[in-house]
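Read the figures in this text as sums done on the coordinates, not as results from a lab. From a predicted model like this one, the values you see are computed outputs, not experimental measurements. Cβ placement follows ideal geometry from the backbone for every residue including glycine, while neighbour counts extend to all protein chains displayed.
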Amino acid sequence: MKKIAILGSTGSIGTQTLEVARENKDIEVAGIAAGGNIRLMERQIREFHPRIAAVWTEEKARELKTLVHDMDVKIVSGMDGLLEIASMEESEILVTAVVGMIGIRPTIAAIEAGKDIALANKETLVTAGHIIMPLAEKMGVKILPVDSEHSAIFQSLRGGRKGEIHKILLTASGGPFRGKKKEELRDIQVEDALKHPHWVMGRKITIDSSTMVNKGLEVMEARWLFGVGIDDIQVVIQPQSVIHSMVEFVDGAVIAQLGTPDMKLPIQYALYYPERRYLPGERLDFWKIGHLDFEEPDTETFYGLKLACEAGRTGGTLPTVFNAANEMAVSLFLERKISYPEIVETIEDCMRMHRTIQDPTVEQILDTEAATYERIQSRR
């Protein structure tokens, strides 16, 4: 029996992780945590019987405790609750599916407790990769990528060794606005940006995909996951979303992972690695696909990708500024308080005004996040 805990159990990755557990029958869900969707959490508790469940606020925790008073489950709250679930003895793998830098401290706690990490919280490596990766190596802990692109790279690397990598080819669909020019983005509305051509994801990551900021975050994450430089990662637009990413080796061979756009594949692969298991669902039909297309990304129109690469090269606290500015800007856009182009404009403004701290501590990372939020709020 494989024992897991999930941070972000009510989100897209969290619910699909529970679908994998439901289908496989040999996964025990020892702990779950979510923000505040307690009705869904109640259903999850009644189906999967976790030992601990965490919500963010004490008020929601009291409400959830009332709903599941007949169940043998401990209800906790806040960061202390996340840390308790991250380090609980009863689990062996922590699925980090929360959105944002809130995932840093629980990930560190889980690694220190000897848990493997099924990583879907890219912000953890983007902002604290210099802390997370050495700690995981020291503790002998595996960091198993759940993002489809990073899972594809991880799978492709089984065809060679780390020292044989020449280039990582990180694919992107191009999002709903592929082919548009900067002036055409001025009147984009929330509803337009939430229409991804292939993937069904949460609202924040769907907006990030449309601006290509998400691909920039993935470039920074890949740098830490696979021990390569920012300039050793090439973004390739692959509109059909069939090739999830590729690795070019020193001899010129390119190995790719292909599949349908189904997040359960990388989730299941991370949970059972190195074993592959049957996964029900649609299969690729190459006769129907007919052809695969490739394009260079337009980094003038979607210059959030260019800013991400700049932040990744500089390192230190600058990736935190990039990430925090994007988080707040996307939130403001979803609330219809800023325009679509202002998302990346906000990121650039915050990056230009920041004085980078190299090799920051967790406290300095979180202080940088708070200072970035404060700058954006002060300008409104």
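Okay, here's what the table says:
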read-out	value
Rounded Å value of the spacing that divides the Cα centres of the range 289-363 and the range 111-168	22
Of Lys122/Lys288; Lys142/Lys180; Lys3/Lys167; Lys162/Lys204; Lys3/Lys60, pairs whose Cα-Cα distance is over 29 Å	Lys122/Lys288; Lys142/Lys180; Lys3/Lys167; Lys162/Lys204
Kirkwood hydrodynamic radius of the range 179-304, Cα pairs, Å	16.9
Sorted by Cβ density within 10 Å, fewest first, the residues Asp192, Asp359	Asp359, Asp192
Relative pair counts by distance (%), Cα atoms of the range 104-177, 5 Å bins	3, 14, 21, 22, 20, 12, 6, 2, 0
Neighbourhood net charge (13 Å Cβ-Cβ; Lys/Arg +1, Asp/Glu -1) for Glu369	-3
Whole-number D in µm² s⁻¹ for the range 326-380, Kirkwood Cα-pair radius fed into Stokes-Einstein, 25 °C, 0.890 mPa s	206
Footprinting exposure proxy for Leu169, Leu194 (fewest neighbouring C-beta atoms within 10 Å first)	Leu194, Leu169
Mean projected area in nm² (Cα convex hull; one quarter of hull surface) for the range 1-124	6.4
Kirkwood Rh, angstrom, the range 91-241 [1 / mean 1/r, Cα pairs]	16.5
Where chymotrypsin sites (Phe, Trp or Tyr not before Pro) fall in DSSP loop in the range 258-311, at most 12 other Cβ within 10 Å	Tyr278, Phe294
Residue order, fewest to most beta carbons within 10 Å, for Glu282, Glu123, Glu348, Glu84	Glu282, Glu348, Glu84, Glu123
Radius ratio Rg over Rh of the chain, counting only Cα atoms, Kirkwood formula for Rh	0.95
Packing-based ranking, highest mean first, of 100-110, 252-262, 38-48 given that Cβ atoms within 10 Å are counted	100-110, 38-48, 252-262
Candidates Leu284, Leu305, Leu318: whichever shows maximal mean-square fluctuation once the chain is modelled as a Gaussian network with Cα springs under 10 Å	Leu284
Length-normalised contact order of the chain in % [C-alpha pairs under 8 Å, at least 6 apart]	14
